[in-house]
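Q: This is the structure, below, for whatever I ask next.
The values are calculated or read from the model by the stated rules, or taken from the named source; none is laboratory data. Note that the structure is a prediction, hence the values are computed from the model and not measured. Here the Cβ positions follow ideal geometry from the backbone for every residue, glycine too, while neighbour counts run over all protein chains shown. Just the protein is used for accessible areas: all its heavy atoms, side chains included, with ligands, DNA and RNA removed. Shrake-Rupley method; radii C 1.70, N 1.55, O 1.52, S 1.80 Å.
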Amino acid sequence: MRMSEAAEAALATALKKLRTDLQARSAFPDPVLAAAEAAARAPRLPDKDATDLPLFTIDPPGSSDLDQAMHLARRPGGGFRVHYAIADVAAFVTAGDALDAEARERIVTLYFPDGKVPLHPPVLSEGAASLLPNQKVPALLWEHDLDAHGRVMRSSVSRALVRSRARLDYAAVQQAIDSGTAEEPVALLREIGTLREAVEAERGGISLSLPDQEVTVEDGSFRLRYRAPLPVDGWNEQISLMTGMAAAAMMLTGGPGILRTQEQAPTHEVGRLRRIALGLGIDWPHHVSYAELIRSLDPHDHTHGAFLHEAAGALLLKSVYRSFRDGDHVPAQTVHAAIAAPYTHCTAPLRRLVDRYAGELCAAACADRAAPEWVLAALDELPARMEKAKGGAADRQSVDLVEAALLMDRVGAVFDAVVVDTDAEGARPNPRAGQVQLAEPAVLGRVTSAAAPLELGVRVRVRLERADPAFPDKHQRVLFSLVPDEG
């Protein structure tokens with residue numbers, strides 16, 4: 001499906017308004033650009049040289065803001081050693097300078113279909129501070145020793161000069177691993193990632209594997225598609241999760257720290273999901289935990305996908321940041337429920353403000369020195385600042401706008417869909433509204449039914465009633481109605 005010229009124009013106008021609403025400033029002030037240029041020419045370089053380590057990165061094709069690079073190896077006597085280099089933004093940004101002040105206002109990189117609004121000027125985020133191949137870059141170099149079962153035995157982090165050897169993408173890595181042509185440091189990602197997934201299962205962690213809506217630009221036109229995560233996506237994520245858990249453990253040893261936490265969902269939500277599973281014909285024995293059930297489901301099965309969509313909203317509650325100054329003031333809630341362990345964000349400092357502070361805390365703890373004063377001074381207000389980040393809103397609303405523009409010229413058309421959410425709550429046991437997922441194009445939209453209640457997980461035919469990127473209610477920009485079953 002291609003957009004008409006009118007739809008393209010409507011989308012461009014709507015995206016411009018979205019940027020304005022989110023106060024997303026593409027351009028950096030001249031003093032910030034000047035500071036970035038100066039920092040790129042003269043970063044603070046570490047004493048340790050680890051450029052002999054053949055690191056590699058795995059990112060989407062075309063990415064240049066590369067936060068992480070890794071090297072995987074077997075340890076003599078059994079087990080594994082994981083080196084994980086994280087871009088050292090603090091080597092370029094000085095607390096209180098123009099770069100720092102700008103980053104504290106931007107908070108995160110914002111991604112839009114027609115481009116991104118970066119946290120740091122591109123001369124740093126896509127240049128001097130990025131772990132691009134064949135350039136020497138200051139980094140926070142994590143070292144994890146794992147046993148033969150993938151359990152972490154020891155973790156440490158130190159500043160080092162590193163050099164990535166290769167920029168890889170997920171599809172190419174998956175193909176190389178599956179075909180047996182990957183070199184051992186890359187091939188080990190499957191072995192270590194699979195072991196870490198088993199460790200995650202043991203502790204009760206949850207990894208939802210739902211297809212993502214992805215906006216692409218082809219022949220100058222926006223397209224939507226569903227992207228099902230590859231196994232390598234999960235294996236790569238396990239390395240990042242392992243590092244975030246190791247960082248949280250370091251902080252909790254005596255503080256200070258900042259954690260990413262999530263509370264357990266209330267018991268009544270689990271009960272509601274059990275009733276939904278029963279209605280969908282999904283077998284959920286009482287001795288099987290929610291996490292175990294999630295891992296057993298196939299997101300490509302339409303009933304399983306509907307359940308997973310419902311479960312994500314019901315049980316994966318909002319995550320929040322919590323900071324503390326020392327071991328005497330650790331927050332009562334330290335665990336991230338979905339991860340089933342204490343956890344923090346520390347692996348994406350080019351794109352997320354808090355990671356620079358978390359990395360600095362861990363580097364100080366491992367060097368047995370006090371945390372820098374600039375980190376301590378920011379700890380109390382950092383959680384509130386991060387809550388103001390608008391990355392999630394930019395992602396969600398951008399996809400909503402592309403959906404509406406893509407369908408603008410198809411009002412009245414009928415599509416095949418699956419009901420993935422309903423408003424069946426409390427006094428509404430027979431829901432007449434909910435959400436449907438179209439097979440083609442890759443659209444999620446609101447649906448209403450005048451004739452009969454909506455049933456979760458059921459295949460239906462729906463008629464497009466509205467597709468308007470400018471509609472004031474962002475939740476109603478795309479609206480369908482259920483086509484009655486003539487049979």
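Q: Read through the list (1) part of a loop (DSSP other than H, G, I, E, B); (2) surrounded by 19 or more Cβ atoms within 10 Å (Cβ to Cβ), then give the number of the only condition that residue 24 fails.
A: Evaluating residue 24 over (1) part of a loop (DSSP other than H, G, I, E, B); (2) surrounded by 19 or more Cβ atoms within 10 Å (Cβ to Cβ) leaves (2) as the failure.
Q: Cβ-Cβ distance below 6 Å, separation of 6 or more or different chains: which pairs start in the range 134-158 with a residue that is open to solvent by 10 Å² or more (accessible area, probe 1.4 Å) and end on one that is among the polar types (S, T, N, Q) and outside any strand (DSSP E or B)?
A: Matching pairs, first to second residue: 136/51.
Q: Pull up the range 299-331, narrow it to residues that are within 18 Å of residue 250 (Cβ to Cβ) and assigned to a loop (DSSP other than H, G, I, E, B), then point me to the one that is nearest to the chain's Cα centre (by Cα).
A: Going through the qualifying residues, I end up with 331.
Q: So which residues in the range 446-475 are within 23 Å of residue 304 (Cα to Cα) and open to solvent by less than 70 Å² (accessible area, probe 1.4 Å), if there are any at all?
A: Within the range 446-475, 446, 447, 448, 449, 452, 453, 454, 456, 457, 458, 460, 462 qualify.
Q: In the set 205, 254, which member is of a type outside the set (Val, Ile, Thr), modelled with pLDDT under 95 and open to solvent by less than 20 Å² (accessible area, probe 1.4 Å)?
A: From the options 205, 254, the qualifying one is 205.
Q: Follow-up. Given the options 180, 234, 193, 220, name the one that is surrounded by 14 or more Cβ atoms within 10 Å (Cβ to Cβ), of a type in the set (Gly, Ala, Ser) and more than 23 Å from residue 444 (Cβ to Cβ). Can you show your working first?
A: On the way: 180 fails: surrounded by 14 or more Cβ atoms within 10 Å (Cβ to Cβ); 234 fails: more than 23 Å from residue 444 (Cβ to Cβ); 220 fails: surrounded by 14 or more Cβ atoms within 10 Å (Cβ to Cβ).
Result of the check over 180, 234, 193, 220: 193.
Q: Determine if the range 332-354 includes at least one residue that is surrounded by fewer than 19 Cβ atoms within 10 Å (Cβ to Cβ) and assigned to a helix (DSSP H, G or I).
A: no
Q: Could you tell me whether the range 391-401 includes any residue that is under 24 Å from the mean Cα position of the chain (by Cα), farther than 26 Å from residue 448 by Cβ and among the aliphatic types (A, V, I, L, M)?
A: Yes, because at least one residue in the range 391-401 is under 24 Å from the mean Cα position of the chain (by Cα), farther than 26 Å from residue 448 by Cβ and among the aliphatic types (A, V, I, L, M).
Q: Hey, another quick one. Using the structure shown, decide if residue 127 is open to solvent by 10 Å² or more (accessible area, probe 1.4 Å), part of a loop (DSSP other than H, G, I, E, B) and touching a residue at least 40 places away in the same chain (Cβ under 8 Å).
A: No.
Q: With the requirement that a residue be in contact with a strand residue (DSSP E or B) (Cβ under 9 Å, 6 or more places away or on another chain) and of a type outside the set (Asp, Glu), what does the range 253-275 give you? Give the derivation first.
A: Initially, the range 253-275 is screened for residues in contact with a strand residue (DSSP E or B) (Cβ under 9 Å, 6 or more places away or on another chain), giving 255-264.
Those that are in contact with a strand residue (DSSP E or B) (Cβ under 9 Å, 6 or more places away or on another chain) and of a type outside the set (Asp, Glu): 255, 256, 257, 258, 259, 260, 261, 262, 264.
Q: Another question, if that's okay. Would you mind listing the strands (runs of 3 or more DSSP E) fully within the range 131-223 where at least 3 residues are hydroxyl-bearing (Ser, Thr, Tyr)?
A: In the range 131-223, 152-168 are the strands (runs of 3 or more DSSP E) which contain 3 or more residues that are hydroxyl-bearing (Ser, Thr, Tyr).
Q: Also, quick follow-up: Mind counting the residues in the range 277-308 that are open to solvent by less than 50 Å² (accessible area, probe 1.4 Å), closer than 26 Å to residue 455 by Cβ and in contact (Cβ under 8 Å) with a residue 60 or more places away in the chain?
A: Adding up the residues that qualify gives 9.
Q: Can you tell which of 137, 123, 186 is closer than 26 Å to residue 76 by Cα and β-branched (Val, Ile, Thr)?
A: After ruling out the rest, the residue left standing is 186.
Q: Of all residues in the range 428-465, count the ones that are within 30 Å of the chain's Cα centre (by Cα), basic (Lys, Arg) and at pLDDT 90 or above.
A: 1
Q: Go through the range 417-427 and count every residue that is touching a His at 6+ places or on another chain (Cβ under 8 Å), β-branched (Val, Ile, Thr) and either surrounded by 21 or more Cβ atoms within 10 Å (Cβ to Cβ) or at pLDDT below 85 (or both).
A: 1
Q: Could you check, for the range 28-47, whether at least one of its residues is under 23 Å from residue 167 (Cα atoms), crowded, with 22+ Cβ neighbours inside 10 Å and either at pLDDT 95 or above or not β-branched (Val, Ile, Thr) (or both)?
A: Scanning the range 28-47 turns up no residue that is under 23 Å from residue 167 (Cα atoms), crowded, with 22+ Cβ neighbours inside 10 Å and either at pLDDT 95 or above or not β-branched (Val, Ile, Thr) (or both).
Q: Let me ask something additional. So the check is Cβ under 6 Å with 6+ separation or different chains; which pairs have a first residue in the range 469-482 that's more than 14 Å from residue 17 (Cβ to Cβ) and modelled with pLDDT of 90 or more and a second one that's open to solvent by less than 60 Å² (accessible area, probe 1.4 Å) and charged (D, E, K, R)?
A: 478/403
Q: Could we say that residue 477 is more than 20 Å from residue 223 (Cβ to Cβ) and basic (Lys, Arg) here?
A: For residue 477, the condition - more than 20 Å from residue 223 (Cβ to Cβ) and basic (Lys, Arg) - is not met.
Q: Determine, yes or no, whether residue 442 is outside any loop (DSSP other than H, G, I, E, B), touching a residue at least 40 places away in the same chain (Cβ under 8 Å), surrounded by 15 or more Cβ atoms within 10 Å (Cβ to Cβ) and not hydroxyl-bearing (Ser, Thr, Tyr).
A: For residue 442, the condition - outside any loop (DSSP other than H, G, I, E, B), touching a residue at least 40 places away in the same chain (Cβ under 8 Å), surrounded by 15 or more Cβ atoms within 10 Å (Cβ to Cβ) and not hydroxyl-bearing (Ser, Thr, Tyr) - is not met.
Q: Could you tell me which numbered condition residue 111 fails, if it satisfies all but one of (1) buried (at least 21 other Cβ atoms within 10 Å of the Cβ); (2) assigned to a strand (DSSP E or B); (3) not basic (Lys, Arg)?
A: (1)
Q: Regarding the range 171-186, can at least one residue be identified that is without any contact (Cβ under 8 Å) to a residue 12 or more places away in the chain, among the acidic types (Asp, Glu) and under 19 Å from residue 236 (Cα atoms)?
A: Scanning the range 171-186 turns up at least one residue that is without any contact (Cβ under 8 Å) to a residue 12 or more places away in the chain, among the acidic types (Asp, Glu) and under 19 Å from residue 236 (Cα atoms).
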